[in-house]
Amino acid sequence: MASPLVKRLQLLLSVLSVLIVIALAALGWGYYQFHGSLPQLDGSRALAGLAAPVKIERDALGVPRVSGANRVDLARALGFLHAQDRFFQMDLLRRRAAGELAEIFGAAALPLDKSARLHGFRATAGKVVAALPADQRAMLDAYVAGVNAGLAALPKTPWEHLVLRAAPRAWAAEDTVLCVYAMWFDLQDSTGHFDLSQRALQVAYGVSGAAFFAPRGTAADAALDGSTFPASALPPLRLKAPDEKTTAALAPEWYEPALLPGSNSFAVDGAHSATGAAILANDMHLGLGVPHVWYRAELDWKDDAGAAHRVVGVTLPGTPSLVAGSNGDVAWGFTNSYADTVDVIIVETYADLQYRSPAGWKDFEERTETIKVKGEPDVALTTRWTEWGPVIAPADEGRYYVVRWNAHSPESANLELLRLETTRAADEAVALAHRVGMPNQNLVVADRAGRIAWTVTGKIPKRAGFDGRVPAMWGYGDRRWEGWLPESEVPVVANPADGFLWTANNRIVGGAAYAKLGDGGYDNGFRAGAIRDDLRELVTKKKAAPADLLAIQLDDRGRYLDRWHKLLLEVLTDDAVAQKKTRGQLRELAAGWNGHAAIESAGYRIIRMFRTKVAERTLAPFLDKPQRAYEQFRWGTMTEDAVWQLVTEKPARLLNPEHRSWESLLLAAADDVLDDAEKQGVALAKYTWGARNTLRMQHPFARFLPGWIARFVSMPAQQLPGDSQMPRVQSPTFGASERLVVSPGHEDEAIFEMPGGQSGHPLSPYFRAGHDAWAQGAPTPLLPGKAEHTLTLAPP
């Protein structure tokens with residue numbers, strides 16, 4: 001007879017067995033559901049609306065070559081592919097722009113939804129769709145039908161929607177436009193932050209102070225036309241005497257430009273290329289997440305005249321056009337232009353019911369929208385609008401700030417980008433760019449005949465009575481937008497004598513052209529200058545090949561730190577080291593820096609942090625006043641020259657009162673680096689750039705999931721070279737969203753790299769395919785390789 005202990009053990013084993021069976025069954029069911037949302041790769045499938053069969057061949061990286069009878073059929077097939085591989089990403093894009101994230105994520109997404117609803121983009125998207133010409137509407141309708149067919153063809157609900165327990169909603173035509181508006185949010189200033197920051201500086205320190213701390217240009221300017229601005233003089237300010245006590249706190253870590261959307265695009269003309277055609281290089285810098293923003297594709301079709309077309313590059317899931325790439329005759333790429341397309345207007349009010357307009361007092365328009373919130377009651381949001389745009393915040397003395405943004409106008413968005421796919425020359429592409437409705441971008445084009453050109457896409461405001469740099473009153477009619485800048489007045493630079501062009505979010509032109517484009521917060525020019533110098537050195541030595549332009553994209557030299565490197569070594573004198581022995585190792589590691597933002601380099605991280613800490617200590621006493629005028633005020637990238645001028649000229653009247661001398665400030669900044677290493681818990685020799693610059697390219701769910709599952713749905717945590725002020729832009733969550741180098745007509749020699757993979761599904765073989773090549777900077781072909789899977793879509 002079994003003892004009570006044995007019986008209890010038997011019962012425990014029985015319970016454990018049952019629990020294991022239940023757990024295995026649950027895992028099996030989960031895997032079945034999870035695996036069921038993978039797309040179809042082979043065989044055939046009926047797709048209503050096709051005029052003829054479409055063949056989809058995927059290579060080893062999952063890149064599709066899509067071949068069909070006409071471009072409309074390919075739009076339908078591309079929609080099918082996007083839905084099968086990336087529907088969740090598409091859903092997030094449309095919901096981000098429309099302010100509908102809380103419907104699937106709950107109350108945590110309400111603040112973001114409210115900020116988006118302020119702009120009313122779902123209604124505007126409907127107006128854009130209604131105004132499309134017949135050919136673009138036909139393309140869009142085919143794409144939408146393809147998306148919904150691709151979604152319906154998945155055996156199971158997309159895995160993210162399954163996790164969220166949210167049924168995916170069918171795609172609509174306006175959703176495609178919303179995807180474009182989502183990019184507008186990413187690429188432009190929807191809050192008027194730049195204008196409000198400029199005003200805060202003027203309120204705090206006057207016009208001369210604002211010109212010093214936020215100049216229009218810096219010593220690093222690298223405009224295509226060579227234009228510069230004179231250096232600003234020290235402002236007529238005086239801080240408290242050093243012997244007076246103050247509680248001036250350190251500024252937040254000095255501005256991190258890698259978090260700003262930006263890109264590199266440059267070109268070499270045919271006279272300086274090894275192919276005889278021009279060569280384009282483009283790496284668009286965006287936030288890095290999973291699924292990745294771009295979807296690669298090659299599209300092959302014939303037009304009504306029987307002419308064959310092939311385009312290859314990247315598409316944006318949710319939209320039917322090729323965003324950047326080559327059509328065999330013309331290659332094109334983009335960088336964020338930072339042209340000024342946003343103005344903040346100060347409106348006067350009467351009894352808080354009306355606002356002053358040039359036509360007299362007008363009632364505010366109140367718009368009420370309902371935000372659905374998962375698991376909670378709906379939330380009603382009422383926004384106030386004027387004839388210029390929505391109210392974004394109270395100003396002072398009964399006045400409000402209103403934002404005027406070109407994105408609010410339906411005529412600013414369209415599908416004209418589709419026409420770039422069939423342009424045949426650089427000048428034709430430039431003319432088209434001025435009609436393309438998208439967030440305003442620098443367009444760089446290169447053609448088969450060897451020509452290159454730059455211009456800006458989209459609608460650009462034509463201002464009257466002001467330059468748009470700071471908020472202004474429009475109520476009296478003397479300051480206004482007079483429609484859009486005529487296409488003939490949009491600046492163009494074509495076929496420069498040097499044989500190359502470059503853009504890197506810097507100011508591109510000066511003089512009258514600069515005045516027309518305005519200033520939306522240009523980058524300071526360090527990165528652009530590095531690219532310019534690399535190109536100049538290249539074309540004087542040899543005929544450029546695609547690999548040479550890739551090498552420029554991967555240039556991780558920290559030339560912007562050269563002067564800070566020298567300064568740090570001057571600060572760490574023998575006397576300073578004698579006073580604190582750890583400064584000796586700091587000096588040794590800094591002295592051994594090889595000039596690169598390399599992962600193994602402690603020297604780069606030390607010098608970079610020294611620069612940051614000097615800026616924090618230098619700017620600390622100047623931060624409070626502008627933040628009182630505008631709470632979100634932060635220093636911008638153009639402040640670099642101001643900091644350098646202060647620490648080199650060392651004016652006693654502008655010294656942080658926490659320090660007795662500028663020398664003591666600089667030495668304290670060096671000690672801040674030692675303190676930061678100690679805070680990180682690492683020896684100074686292990687205080688490397690790679691330890692700081694480790695990739696966090698994660699799925700949105702990763703933050704809520706257990707560690708191993710979070711890693712399963714994300715990209716590897718790799719240490720990466722590069723930084724913000726050099727061609728190889730890289731931070732843990734931001735960097736090159738692709739690297740493209742192509743010479744039109746020589747696509748078989750073209751290079752392409754992309755983080756992440758084609759598929760958004762972790763069980764897909766294409767989830768991480770190609771990612772390591774991007775991380776390592778290893779060249780891979782632009783054109784899809786040998787077909788490993790073939791799917792035929794056919795009319796029913």
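The values are calculated or read from the model by the stated rules, or taken from the named source; none is laboratory data. Everything quoted here is computed from the prediction, not taken from an experiment. As a convention, Cβ positions derive from the backbone with ideal geometry for all residues, glycine included, and neighbour counts pool all protein chains shown. Surface accessibility is based on the protein's heavy atoms, side chains included, excluding ligands, DNA and RNA. Shrake-Rupley method; radii C 1.70, N 1.55, O 1.52, S 1.80 Å.
For the reader, a short list of remarks on this structure follows.
- Condition met for Asp195 (open to solvent by less than 20 Å² (accessible area, probe 1.4 Å), out of contact with any helix residue (DSSP H, G or I) (no Cβ under 8 Å at 6 or more places or on another chain), touching a residue at least 60 places away in the same chain (Cβ under 8 Å) and not small (Gly, Ala, Ser)): yes
- Of the numbered criteria (1) under 27 Å from Asp189 (Cα atoms); (2) open to solvent by less than 30 Å² (accessible area, probe 1.4 Å), the one Asp624 fails is (2).
- Where strands (runs of 3 or more DSSP E) sit wholly within region 382-489, those with at least 1 residues that are within 30 Å of Val311 (Cβ to Cβ) and in contact (Cβ under 8 Å) with a residue 24 or more places away in the chain occupy 441-447, 452-456, 480-484.
- Top-ranked residue in region 331-357 [being surrounded by fewer than 24 Cβ atoms within 10 Å (Cβ to Cβ) and among the acidic types (Asp, Glu); ranked as modelled with the lowest pLDDT]: Asp352
- With respect to the conditions (1) among the polar types (S, T, N, Q); (2) in a helix (DSSP H, G or I); (3) within 25 Å of the chain's Cα centre (by Cα), Thr648 lacks only one, and its number is (3).
- Set Thr618, Thr637: member being in contact with a Pro (Cβ under 8 Å, 6 or more places away or on another chain) and touching a residue at least 12 places away in the same chain (Cβ under 8 Å): Thr637
- Residue within region 68-86 that is touching a residue at least 24 places away in the same chain (Cβ under 8 Å), open to solvent by 30 Å² or more (accessible area, probe 1.4 Å) and of a type in the set (Gly, Ala, Ser) present: yes
- Some residue of region 732-748 being among the polar types (S, T, N, Q) and farther than 29 Å from Val268 by Cβ: yes
- Residues that are open to solvent by less than 20 Å² (accessible area, probe 1.4 Å), part of a helix (DSSP H, G or I) and either small (Gly, Ala, Ser) or closer than 15 Å to Gly518 by Cβ (or both), drawn from region 205-216: Gly209, Ala210
- All told, Gly707 falls short of being at positive phi and open to solvent by 10 Å² or more (accessible area, probe 1.4 Å).
- Meets criteria (over 27 Å from the mean Cα position of the chain (by Cα) and modelled with pLDDT of 95 or more) for Trp405: no
- Residues that are within 30 Å of Phe701 (Cβ to Cβ), buried (at least 22 other Cβ atoms within 10 Å of the Cβ) and touching a Phe, Trp or Tyr at 6+ places or on another chain (Cβ under 8 Å) do not occur anywhere in region 269-277.
- Residue in region 283-303 that is under 30 Å from Glu537 (Cα atoms), of a type in the set (D, E, K, R), in a loop (DSSP other than H, G, I, E, B) and modelled with pLDDT of 95 or more present: no
- Output for region 99-108, where each listed residue is assigned to a loop (DSSP other than H, G, I, E, B) and open to solvent by 10 Å² or more (accessible area, probe 1.4 Å): Glu100, Leu101
- Residues being open to solvent by 40 Å² or more (accessible area, probe 1.4 Å), β-branched (Val, Ile, Thr) and over 30 Å from Glu387 (Cα atoms) are entirely absent from region 135-151.
Residues are listed down the side, and each one gets a yes or a no for (1) under 30 Å from His161 (Cβ atoms); (2) of a type in the set (Asp, Glu); (3) touching a strand residue (DSSP E or B) at 6+ places or on another chain (Cβ under 8 Å); (4) crowded, with 18+ Cβ neighbours inside 10 Å:
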site: Ile452; (1), (2), (3), (4): no, no, yes, yes
site: Gly458; (1), (2), (3), (4): no, no, yes, yes
site: Ala464; (1), (2), (3), (4): no, no, yes, no
site: Asp467; (1), (2), (3), (4): no, yes, no, no
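- Of everything in region 601-614 that is under 18 Å from Val729 (Cα atoms) and aliphatic (A, V, I, L, M), the residue that is surrounded by the fewest Cβ atoms within 10 Å (Cβ to Cβ) is Met609.
- Qualifying positions in region 49-98 - more than 25 Å from the chain's Cα centre (by Cα), among the charged types (D, E, K, R) and part of a helix (DSSP H, G or I): Arg71, Asp73, Arg76
- Residue list for region 518-541, filter: touching a residue at least 60 places away in the same chain (Cβ under 8 Å) and open to solvent by 60 Å² or more (accessible area, probe 1.4 Å): none
- Identity of the residue in region 677-695, of a type outside the set (A, V, I, L, M, F, W, C) and surrounded by fewer than 18 Cβ atoms within 10 Å (Cβ to Cβ), that ends up nearest to Gly756 (Cα to Cα): Thr694
- Filtered by the rule that a residue be free of Cβ contacts under 8 Å to residues at least 40 places away in the same chain and touching a Phe, Trp or Tyr at 6+ places or on another chain (Cβ under 6 Å), region 338-361 gives Tyr350, Gln354, Trp361.
- Applying the criterion of at least 3 residues that are open to solvent by 60 Å² or more (accessible area, probe 1.4 Å) and closer than 20 Å to Val682 by Cα to the helices (runs of 4 or more DSSP H) found wholly in region 561-600 leaves 582-591.
- The set of residues from region 732-749 being in contact with a helix residue (DSSP H, G or I) (Cβ under 6 Å, 6 or more places away or on another chain) and either within 18 Å of Leu322 (Cα to Cα) or open to solvent by less than 10 Å² (accessible area, probe 1.4 Å) (or both) comprises Arg739, Val741.
- Residue match in region 718-728 (condition: of a type in the set (Lys, Arg) and buried (at least 23 other Cβ atoms within 10 Å of the Cβ)): yes
- When residues of region 490-517 are limited to those that are touching a strand residue (DSSP E or B) at 6+ places or on another chain (Cβ under 7 Å) and assigned to a loop (DSSP other than H, G, I, E, B), the one surrounded by the fewest Cβ atoms within 10 Å (Cβ to Cβ): Asn495
- Considering region 472-486, the residues that are in contact with an Asp or Glu (Cβ under 9 Å, 6 or more places away or on another chain) and among the hydrophobic types (A, V, I, L, M, F, W, C) include one that is farthest from Val402 (Cα to Cα), namely Trp484.
- Residue among Ala769, Ala778 that alone is in a loop (DSSP other than H, G, I, E, B) and surrounded by 16 or more Cβ atoms within 10 Å (Cβ to Cβ): Ala769
- Cβ pairs under 9 Å, 6+ apart, first in region 711-722 and on the phi > 0 side of the Ramachandran plot, second among the acidic types (Asp, Glu): Gly722/Asp555; Gly722/Asp556
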